[in-house]
Amino acid sequence: MLNIKELHNRWGGIMKKRLIFGGILWVLIIAIIAVVVGIYLLKNTNTKDFPITGLNLKTCSVQEPYQTQQQVQVNLQYTISDAHYSGGLSGLNWMTTGYVSIYNADTEPGTFIVDCNFRTLERTFTPQTRVYALPGETKTASCEADTNLGEDVEFTYIVTPGQKTITQTVTQYRTVEKPC
């Protein structure tokens, strides 16, 4: 006959073995279910969009803003302080001279191109000249045209300022794919 201590040792060992075996059995059942579900998803899912994960998530193309530094060319700032014309003899010719005074209002020096236009009833003269001005300096550009004494002359001009390079922050956009 078994005493209580032997009975307890025998049944305790059997119970421990059953608990360990039962835990292992549940882990195996869960692993088998996970494998079956994984195989099902791989066979029944289009993996074109997400080949690594095997998920077919719908995505949308979105324009996303971002900041970047960009170098750009800008015109030098200037003002016209005076513009007029006058005529006079130069040798045996009557010359009409146009004057354009340009004030460089920028922080950079630069060259200013002045396209003059002298128009009479019979002809048009379009001489061009350049002046270089330091910041805060006024320079006068002069253009000449060989006109006739007594002719009516119309004087116009166009100033093309020099340019400088500045760095500025600009917002640009890129297309990114995001889940909808």
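In the set THR167, THR156, THR140, THR129, which member is in contact with a strand residue (DSSP E or B) (Cβ under 7 Å, 6 or more places away or on another chain), without any contact (Cβ under 8 Å) to a residue 24 or more places away in the chain and either part of a strand (DSSP E or B) or surrounded by 17 or more Cβ atoms within 10 Å (Cβ to Cβ) (or both)? Can you show your working first?
Numbers: THR167 fails: without any contact (Cβ under 8 Å) to a residue 24 or more places away in the chain; THR156 fails: without any contact (Cβ under 8 Å) to a residue 24 or more places away in the chain; THR140 fails: without any contact (Cβ under 8 Å) to a residue 24 or more places away in the chain.
Answer to the selection: THR129.
Taking the range 64-106 only, how many residues are hydroxyl-bearing (Ser, Thr, Tyr), outside the structural domain of THR124 (by TED's automatic domain parsing) and touching a Ser or Thr at 6+ places or on another chain (Cβ under 6 Å)? Residues flagged as hydroxyl-bearing (Ser, Thr, Tyr), outside the structural domain of THR124 (by TED's automatic domain parsing) and touching a Ser or Thr at 6+ places or on another chain (Cβ under 6 Å) within the range 64-106 amount to 0.
The values are calculated or read from the model by the stated rules, or taken from the named source; none is laboratory data. Small disclaimer: the values here were computed from a predicted structure and weren't measured. Every residue, glycine as well, gets a Cβ built from its backbone with ideal geometry; the counts of neighbours run over all protein chains shown.
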